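The values are calculated or read from the model by the stated rules, or taken from the named source; none is laboratory data. Everything numeric in this text was worked out from a predicted model, so none of it was measured. All Cβ positions, even for glycine, are placed from backbone atoms using ideal geometry, and neighbour counts span all protein chains on display. Keep in mind that these areas ignore ligands, DNA and RNA; they rest on the heavy atoms of the full protein, side chains included. Shrake-Rupley method; radii C 1.70, N 1.55, O 1.52, S 1.80 Å.
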Amino acid sequence: MAIAQPATRPANPRFSSGPCAKIPTFKLELLSDAALGRSHRAAVGKDKLKAAIEETRDILGIPADYKIGIVPASDTGAVEMAMWSLLGARKATMVAWESFGAGWVSDVVKQLKIDAEVKEAGYGEIVDMASIDYNTDVVFTWNGTTSGVRVANGDVIPADREGLTICDATSAAFAQDLPWGKLDVTTFSWQKVMGGEAAHGMLILSPRAVERLESYTPAWPLPKIFRMTKGGKLIDGIFTGATINTPSMLAVEDYLVALNWAREIGGLPALMARADANAKVIWDFCGQKDWVANLAVNDENRSNTSVCLKFTDDRIQDGAAFAKAVAKRLEKEGVALDIGAYRDAPAGLRIWCGATVETADVEALMPWLEWAFEAEIEAQA
Ligand SMILES: Cc1ncc(COP(=O)(O)O)c(C=O)c1O
C-alpha cells in the first residue's frame, strides 16, 4: 500500500551529478569581484587565474613541482589534451568500467589508433588495478561517475613505473584522496565537487609527464587548443595563468569563491568528510531496505560522490520505466532534481553526494525515495 508523503523536504533538491549543487552559501553577490569586461591578460585577470591554480594546489595538496594548468573544454578538454599530447611514445593500457572511461578507450583505439591493451569491467564492477602493466601508459577514471565505482586507493601503482598514469579524476577531486605520487596526469572540471561552473578543465602534470611532453612529439598534428609545448619546451605560461585562449572570468571568480568556502570549512579533510557523510546516509538506507541496492558490487569501491542505485524488488515489471518513473515523481514533488541514472548506465538512480550537498538534505530525501518507490509499485499494479 502506498505510504503517506514525508513531512520534511530537502531544503535543496539539487542532486545532479554535474553541474552539481553550488556551495551552500552561494549567492550571485559573491561574484561581484569578478574581473568582468577586463582582459584575462591584464594583471587583474592573470592574478585571478594564478590564484585559482595556487589555491587548487594548496587545498588538494598537489606537490610544488607539479604543473597545474587551466585549459579549454572542461574535463573532456583536459583529458583529450593529455591523451593526444602524451600517448604513442609507448604501449598503452586503457582501463574502463563505465561510460566516460569507455569514451577514452574509444578515442585512443579508434581515433589515435594506438597500440593499446583494453581492460574493461561492467557497471558496478572495477578492473583489477593490480593486474595492469605500469610500464605502459595507463589511462583510467578514478571515480566512474556513471556507475558509482571508484578506485579505493593507489597502492598498487608502483612508484618506479616507466609508463605514465593519466587519470580522469573529475568526480573524485576534492572528495577523495588522490595519491599525487602515483598520478602523472590528473584532470577535473569545476562543476563537480566544488559546484563550480562548467567551462574549463584542470590539467595537473607530474615532472615525468612534463619530461614526456618535452622529449616526445606525437606523429599526428595537434590543434592549437591542445598544444602545451613550443620548440620542445613546455609553455610555462599555461601553468601560471596565461591560458591558451580566453577563459570566462565569471567562471574563474565562481571557482575562487568555491575554493574560499572550501578553505573556510577546513579544506580537503572537511570536503571529503562531507561527501563521506552524505554517501553514508544512502549506504545505510540501502542496508535497511531490501528493494534498493548500491550498483557498486564491492563496498571498498563505492563512490562517495556519484552514488548509483538499482532497484532489486522482483515485483518490478520494467526496470527502466520504473526507475524513470521514480525519478520523475521525485522531481515533480521538487524533492530531487536530475537523479535518473546516466543514459548508458543500468536502470536506476544516481544521487550526487559531493561536498556541496548538505547531509540533512540527503537524510530528508531518503523517506521520499521510499515514498516514490511504494507509489510506483502501486501504480504498476
Ligand atoms: C568521469 C567523467 N569524465 C568526463 C566527464 C566530462 O566532463 P566535462 O563535461 O566536464 O568535460 C564527466 C562528466 O560527468 C565525468 O563524469
* To do: Per residue of segment 278-284, in order, report the coupling 6.51 cos²θ - 1.76 cosθ + 1.60 (Karplus, θ = phi - 60°) as ³J(HN,Hα) in whole Hz, putting x for Gly and Pro.
  => 5, 5, 4, 4, 6, 4, 5
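How much net charge surrounds Asp338 when only the other residues with a Cβ under 9 Å from the Cβ of Asp338 are counted, with Lys and Arg +1 and Asp and Glu -1? The partial results should precede the final answer.
Working: positive: Arg14, Arg350; negative: Glu331.
Around Asp338, the surrounding residues sum to +1.
So which of Lys113/Lys224; Lys22/Lys233; Lys50/Lys280; Lys192/Lys280 end up more than 27 Å apart, counting from Cα to Cα? Present the calculation step by step, with values, prior to reporting the outcome.
On the way: Lys113/Lys224 21 Å; Lys22/Lys233 38 Å; Lys50/Lys280 36 Å; Lys192/Lys280 19 Å.
Result: Lys22/Lys233; Lys50/Lys280 exceed 27 Å.
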* Asked: If ligands, DNA and RNA are left out, what is the accessible area of His200 with a 1.4 Å probe, given in Å² to the nearest 10?
  -> 20 Å²
* Quote the accessible area belonging to Thr76 in square angstrom, nearest 10, computed with a 1.4 Å probe and with ligands, DNA and RNA left uncounted. => 70 Å²
* Asked: Sorted by mean Cβ packing within 10 Å, highest first, what order do the peptides 44-54, 146-156 take?
  -> 146-156, 44-54
* To do: In whole Hz, with x marking every Gly and Pro, tabulate ³J(HN,Hα) for segment 357-369 from phi via Karplus 6.51 cos²θ - 1.76 cosθ + 1.60, θ = phi - 60°.
  => 7, 8, 4, 4, 6, 5, 4, 5, 6, 4, x, 5, 4
* Structure fact -> Under the helix-only model (-39500 (n - 2.57) for each DSSP H run of 4 or more, divided by the residues of the chain), the mean residue ellipticity at 222 nm, to 500 deg cm²/dmol, is -10500 deg cm²/dmol
* Percent antiparallel among DSSP beta bridges with both residues in the chain, to the nearest 5? -> 60 percent
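Can you send over the carbon and sulfur percentage of the accessible area for the chain, probe radius 1.4 Å, protein chains only? Can you show the working numbers first?
On the way: 7800 of 15550 Å².
The value for the chain is 50 percent carbon and sulfur by accessible area.
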* What does the charge dipole of the chain about its Cα centre add up to, to the nearest 20 debye, if the Cβ of each Lys and Arg holds +1 and the Cβ of each Asp and Glu holds -1? -> 1240 debye
* For the chain, what is the Kirkwood estimate of the hydrodynamic radius, computed as the reciprocal of the mean inverse distance between distinct Cα atoms, to one decimal in Å? -> 21.5 Å
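What order do Lys324, Lys310 take when sorted by accessible area (1.4 Å probe), most exposed first? Mind showing how you got there, number by number?
Values: Lys324 150, Lys310 75 Å².
Reading off the accessible areas and sorting them downward yields Lys324, Lys310.
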* To do: Name the most mobile residue of Pro207, Pro346, Pro13, meaning the one with the largest mean-square fluctuation, in a Gaussian network model of the chain with Cα contacts below 10 Å.
  => Pro207
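May I ask for the net charge around Ala130, where only other residues with Cβ less than 14 Å from the Cβ of Ala130 are counted and Lys, Arg are +1 while Asp, Glu are -1?
Result for the local shell: -1.
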* To do: Starting from the amide H of Val292, placed 1.01 Å from N in the peptide plane, find each other amide H under 5 Å away whose residue is 5 or more places distant or on another chain.
  => Thr312
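Enter the accessible area per residue of the chain (Å², integer; probe 1.4 Å; all protein chains in place).
Working: 15550 Å² over 381 residues.
Heavy-atom accessible area per residue stands at 41 Å².
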